[in-house]
1. Using Cα-Cα distances under 8 Å and only pairs 6 or more residues apart, what relative contact order does chain A have, in percent?
2. Give the residues of segment C:105-135 whose amide nitrogen is closer than 19 Å to a point set 7 Å from the Cα of residue C:289 in the direction of its Cβ.
3. Distance in nm between label sites at residue A:13 and residue B:148, each 7 Å beyond Cα in the beta-carbon direction?
4. Please report Rg (one decimal) and Dmax (integer) in Å for the Cα set of chain C.
5. Order these peptides, C:256-265, C:57-66, C:361-370, by their mean beta-carbon neighbour count within 10 angstrom, highest first.
6. Given a cut-off of 20 Å, what percent of all Cα-Cα pairs of segment A:11-73 lie beyond it?
7. Using the C-alpha gyration tensor of segment C:185-235, what are the square roots of 5 times its eigenvalues, in whole angstrom, with the largest one first?
8. Ignoring everything except DSSP H segments at least 4 long, calculate the 222 nm mean residue ellipticity for chain C; use -39,500 (n - 2.57) per segment, divide by total residues, nearest 500.
């Protein structure tokens, strides 16, 4: 816990806070920074499941997309309060996560991955084919949400600070979670589920709880997205997007929280820059993923193991 | 009666045709799952590569039949190399790494195909055109051929697994690879050959469906999801279950369009699947607790 | 944070800074224009030709000294045929590359989304492919211009010919997203106004693999004419499958602009035989301007022109407006566009209507014979363009329900 407040962390947060003031940060780079931090935060919340509990969710895009749609539906109907959007997103994503969590956490390993995938596809298909929500074009041309009164989050800079606050709060929440007793139980489940059960823990309840937390954090991130982009489309919850979230976690390093944040940001920046120059960007990403799985299953942070010989996993 | 002949029968046939082809795709997937514990995300891309390999062969030989032989062999070889190079090192690790790895493989194959053959849609002409008057309607000959060919293939595969030593070995490996190892069987080789066979089956399905569905790099992405559903429904690792589930999905898809907008059918299929999973979590013929 | 996390973060941060701060190498006296189109997906072909059209216009303009003494540079981006990447790329083109003109996108869904971006950031936006009816009505904004006949114009032109010459009972089969819905709606409205009977409607999702599940319903309603509103690879698949079920012979077929490009026709000449399609360009049109344009295009790219004519004209219009405004200021350039005419477009003189920024264009109906789009009728632009409906809902009171006669 103390590490979260170390001087390095302070420097990082300070740097992020003054980033928009730097001369080369154009509006475009601010939007890019928004994406980088947003997807970083989502990768971090997915890490709670994959890295700490050993549950690979292949359906996180649905939590993200549902959050985005929840907010978009309100914005479209003239409810422009950011708080209303967030609250609605929590409700919608929470309900959905309850259902998914209930059925998926009953199964382990690959079954969990596939069940989350199928549930997410249901959501995707529903939004893609439902004209009330714009069908495959989604909901477009949304007004910016308002923080209080007439203060609209309508510039890239305001959006950036909003996502920075979100990332900060989410990070603190995850940190607290994994260092708590709850977090230790999650790791115990990952290491040996049966043993955790014999020790008297209600494993499924723990799994459901962490599923809910991860889904809600992701959904909140999704709810911020229409404010930046002015739209929500079904493509946001395509199953390949869930795959990209997993790639972000893998690049950053499982079970490290900070790693996936960096992994997510890295993924967004790489995609933006590389895809402007070459169109075989996905080969690069695919090869990076294969390389990491084969040689660095602990992610880029695993390098430390080679260098310093310290234990790689934050065992909470 | 008019309704039955003009509407019901054609839809029934559509369903059978599609179900048979889907069965070919799902069969390879379920065998690999039973054997390696890996849900192969790249299976859809092998299906896609089969179609492209077919186009390449047709370009040289001008024969669809030659392509039907060469393309699966070529893709099977790609499968074997992939298995040895990337999946084999992962056998001792959690199966989830395999899942993530194959997602990466899928990206590479898909984008690679786009670089080599371009992203635009290609067509393969069916080896014969025309249609047959059948019970008062006309049905394209190629679709009838597809139904017959897929069914024969499924039968041949069933015979392979029940009547030949190699087939029995694979089935034994699916049940218990360690015991097989103890009996002195070269298990890694069984794995590699099975993976190659599964890749060849996917390629065959891709090529057989290509004259109807056309060919483009993304073609595997949507099919793979359907194949996943089939495999889960049938009971993961169960071959008979997969084939049965493929026909169920194929028939459900085409018959449901009679009563609802075809777009709603996609959701209905998912609903069927979720209900099955709740009522019978291991699918039609799945064993309890495979790889849980 | 851990040490290596820290080191890695630093590494990423430094790399990001290097990327970001690398100054965009741009010479003075260069003006950039953005080309946003589909390079992946159902509409890949359309994106390629849009780019070629722009390239040709820019080359010709630069040979004459550019625009306002600036050489023109094209920045091309891929929108993956989806709204989300389209918006991201449009933001990149406008905010980072500082393009003074944005041409795109191809898919109507993407174009509608991009219109929000060009409106917000005040950028001249030309659309030369998408045809949803909302663009020059509810979504219309000051900086948006179009030389693509939208659904309303197409329906006006096509419905009359179908009712007069092909048959009164029509089945409408459309691709179920912005473009197809719009085409289906407008066509149904126009057809019913002209006394035609819509015997059935159905939508199939974008990128449908197998259309055969819909065929039963079509056969059951027994139409004279099957009207299809699809585009790109969907069209190819649909025609192949219709043909294999003998339906292209059974029904008279008609379709929208962009249903298939001339380039695609030879490979499916047989299924397409007799197909009536509205188009604003065909290399087989004897019009001397079109022939001259096509000859230049063919010399440069080795193939016949098509929708590329649209993006070509768009750049010419913009360049003329900039010269007229003597400035790149978006407000001035937008105002200069209004009511302006240009003489050297692919079809000769064309003018932009002031009210809704639509180019008044003559359209031609073509029928496919032996894989060639041969002209069969001409529709004057003034007949098809329809009243300006800026801000009004173009689909007010519309219903998909079929009136039984």
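No value in this document is a laboratory result; all are computed from the given coordinates. Note that the structure is a prediction, hence the values are computed from the model and not measured. Positions of Cβ are backbone-derived with ideal geometry, glycine not excepted, and every protein chain shown enters the neighbour counts.
1. Relative CO of chain A lands at 32 percent.
2. The answer is C:127-129.
3. 7.3 nm
4. 22.1, 78
5. The packing order, highest mean first, is C:256-265, C:361-370, C:57-66.
6. Details: 902 of 1953 pairs.
Everything past 20 Å amounts to 46 percent.
7. Sorted largest first and rounded, they come to 21, 15, 8 Å.
8. Values: 14 runs with 162 residues, N = 405.
After summing the helix terms and dividing by the residues of chain C, the value is -12500 deg cm²/dmol.
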